[in-house]
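The values are calculated or read from the model by the stated rules, or taken from the named source; none is laboratory data. All values derive from a computational prediction rather than experimental measurement. Please note: Cβ atoms are built from the backbone with ideal geometry, for glycine as well, and neighbour counts cover all protein chains shown.
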Amino acid sequence: MNKQDIPELFRRLREQWPDPRPTLVFQNNFELLCAVLLSAQTTDTAVNRVTPELFEKAPDPERMQLLDTAEIERIISSLGLYRNKARHLKELSRVLVTRFNGEVPESEADLTALPGVGIKTARVVRNIAFGAGTVAVDTHIFRVNSRLGLVSGKTPEAVSSALPAVIPPEFIHDAHHWLIYLGRHICRARNPLCRECPVRDLCRFEFGEDSRAGKPANPGKRAGSAGPRRKAGKSGDQRKS
Ligand code: SF4
């Protein structure tokens, strides 16, 4: 999309979702860090089902590090990769206590040095806990960015690093939430609801006028693809982003 359209894109997303909030439930920075770590390769809803019991027993790193790994595993066993996640929760809690006086650090370098914490987790935590202008890129944002053509990037990390430079400062803090909302609710992986999309005229993809509920007008032309098609006249290099 044209770079001059980006402010208008975020104005409309703000209008659509004026008060974006994280879906994960937490009471403090430590719980946020744990919840984001637990959300890897699972849904926020699934995480919210297990964290009430976990955080009741261990609302801070001092108590988390004292829990048996087997007990953490039992509580979070409904989540994918729960054994690794249980080990990471216990280990990162020990590091927080010994190196950071029990506090969640703010810098990306310190966060990513914690067991089990990658760049995406660190950027979510920095954005929500510390108000940093970071955009953590998950599968939704990666897809939406590619369709809108905001920035080029072959990996989520590359897109995550490039996005803050093109988003106006007044939108940067909530941009992460708005792009996730757009991807979750409208610009879905299959059958995106382009006809209901608030930024359709800014997007370089579109569906035919005969499309219904996001289904392509002439599926035969795009057999095997449920996604939108690229508008004519846009450069191909953006498509690869
Ligand atoms: S117009 Fe369609 S492809 Fe473009 S952002 Fe909206 S839902 Fe996604």
What number goes with the only condition from (1) farther than 19 Å from SER39 by Cα; (2) within 16 Å of the ligand (Cβ to nearest atom); (3) touching a residue at least 40 places away in the same chain (Cβ under 8 Å) that HIS140 does not pass?
(1)
Filter the range 150-172 down to the residues that are more than 12 Å from the ligand (Cβ to nearest atom), assigned to a loop (DSSP other than H, G, I, E, B) and not β-branched (Val, Ile, Thr) and list them by number.
SER152, GLY153, LYS154, PRO168
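For the range 84-105, which positions are among the β-branched types (Val, Ile, Thr) and more than 23 Å from the chain's Cα centre (by Cα)?
Hits for the range 84-105 are VAL95, VAL97, THR98.
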Hey, among ARG143, ARG147, which residue is of a type in the set (Lys, Arg) and within 21 Å of PRO22 (Cα to Cα)?
ARG143
Output for Cβ contacts, cut-off 8 Å, separation at least six or different chains, first residue touching a residue at least 40 places away in the same chain (Cβ under 8 Å) and more than 12 Å from THR139 (Cα to Cα) in the range 37-48, second surrounded by 16 or more Cβ atoms within 10 Å (Cβ to Cβ) and charged (D, E, K, R), reads LEU37/LYS85; LEU38/LYS85
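Of the residues in the range 119-132, how many are in a loop (DSSP other than H, G, I, E, B) and surrounded by fewer than 16 Cβ atoms within 10 Å (Cβ to Cβ)?
So the answer is 1.
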For GLU31, indicate whether it is part of a helix (DSSP H, G or I), out of contact with any strand residue (DSSP E or B) (no Cβ under 6 Å at 6 or more places or on another chain) and farther than 17 Å from PRO105 by Cα.
no
Of all residues in the range 173-210, which are more than 10 Å from the ligand (Cβ to nearest atom) and at pLDDT below 90?
GLY208, GLU209, ASP210
Here are some conditions: (1) in contact with a strand residue (DSSP E or B) (Cβ under 7 Å, 6 or more places away or on another chain); (2) more than 16 Å from the ligand (Cβ to nearest atom). PRO105 meets all but one. Which one does it not meet?
(1)
